[in-house]
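First up is the structure itself, then whatever we jot down about it.
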Amino acid sequence: MLEFSDERWAQLTGGYKHRYDPRPALADLSAGKAKQAWDELWMELYHQDDIGTASLVVVPHLVQIHADRGEPDWQTYSFVGSVELVRGVGLNADLPSWLVDDYEQAWRDLVPLALKDLAASEDASLLRGALGVVALARGARRAGQLLLTFTDSELEEMMAQYDG
């Protein structure tokens, strides 16, 4: 993981393609200020399917914070999965070479967390996010995209059209 003291943080960009340093929001999330932190992270790092390098760099940190907190949090799964779905698409950032190993390790660590949370939760948002990242991690990209992108009501509309 990129150490908080690393100078590269100052050069990272968010979803608006301007420089953004997510370290304060990550610190807030780690300290239990989840709503405030998630509001900022979503706003700055994921804008209408646009991401930057900071959006990718936070992934290992988010997975570590999730593991350390030991509390199911649907936003970890939804954010990490959403970033993965748009990574390298269009003008979106792809993984810098120095991040590849940490990013891939974060995904390997995320799947057991998701499976554990799936077994313990009945929260619909958590279930959709956790199932979505498991699907992505196992190569079922379209299934992951459906789970992470569409709301229950949107899926019901699609199914109604499909059923005729």
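The values are calculated or read from the model by the stated rules, or taken from the named source; none is laboratory data. In this text the structure is predicted, and so the values were computed from the model without any measurement. Cβ sites come from the backbone with ideal geometry, for glycine too, and all protein chains shown count toward neighbours. In case anyone asks, the SASA skips ligands and DNA or RNA and just uses the protein heavy atoms, side chains included. Shrake-Rupley method; radii C 1.70, N 1.55, O 1.52, S 1.80 Å.
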Among what's in region 100-128 and is among the hydroxyl-bearing types (Ser, Thr, Tyr) and over 15 Å from Val57 (Cα atoms), pick the residue that is least open to solvent (accessible area, probe 1.4 Å). Ser121
Identify, from the list Gly15, Gly81, the residue that is open to solvent by less than 70 Å² (accessible area, probe 1.4 Å), assigned to a loop (DSSP other than H, G, I, E, B), under 25 Å from Ser97 (Cα atoms) and of a type outside the set (D, E, K, R). Gly15
Taking the criterion of being surrounded by 15 or more Cβ atoms within 10 Å (Cβ to Cβ), in a helix (DSSP H, G or I) and on the phi < 0 side of the Ramachandran plot, would at least one residue in region 150-160 satisfy it? no
Going residue by residue through region 104-127, is there one that turns out to be within 22 Å of Glu44 (Cα to Cα) and in a loop (DSSP other than H, G, I, E, B)? no
Could you grab me the full set of residues in region 99-148 that are among the hydroxyl-bearing types (Ser, Thr, Tyr) and at pLDDT 95 or above? Tyr103
Using the structure shown, decide if Leu2 is surrounded by 17 or more Cβ atoms within 10 Å (Cβ to Cβ), in contact (Cβ under 8 Å) with a residue 24 or more places away in the chain and outside any helix (DSSP H, G or I). yes
Mind listing whichever residues of region 68-88 are of a type outside the set (D, E, K, R) and more than 16 Å from Glu44 (Cα to Cα)? Gly70, Pro72, Trp74, Tyr77, Gly81, Leu85, Gly88
From the options Gly139, Gly132, residue that is in contact with a Gly (Cβ under 6 Å, 6 or more places away or on another chain) and either surrounded by fewer than 15 Cβ atoms within 10 Å (Cβ to Cβ) or not charged (D, E, K, R) (or both): Gly132
What tally of residues in region 35-75 results from selecting those that are under 18 Å from Trp107 (Cβ atoms), part of a helix (DSSP H, G or I) and not hydrophobic (A, V, I, L, M, F, W, C)? 8
Residues in region 35-53: is at least one closer than 22 Å to Ser121 by Cα, among the aromatic types (Phe, Trp, Tyr) and touching a residue at least 12 places away in the same chain (Cβ under 8 Å)? yes
(1) buried (at least 18 other Cβ atoms within 10 Å of the Cβ); (2) farther than 20 Å from Asp123 by Cα; (3) within 13 Å of the chain's Cα centre (by Cα): which one isn't true of Tyr20, the others all being true? (3)
On the given criteria, is Ala93 open to solvent by less than 70 Å² (accessible area, probe 1.4 Å), among the hydrophobic types (A, V, I, L, M, F, W, C) and in a loop (DSSP other than H, G, I, E, B)? yes
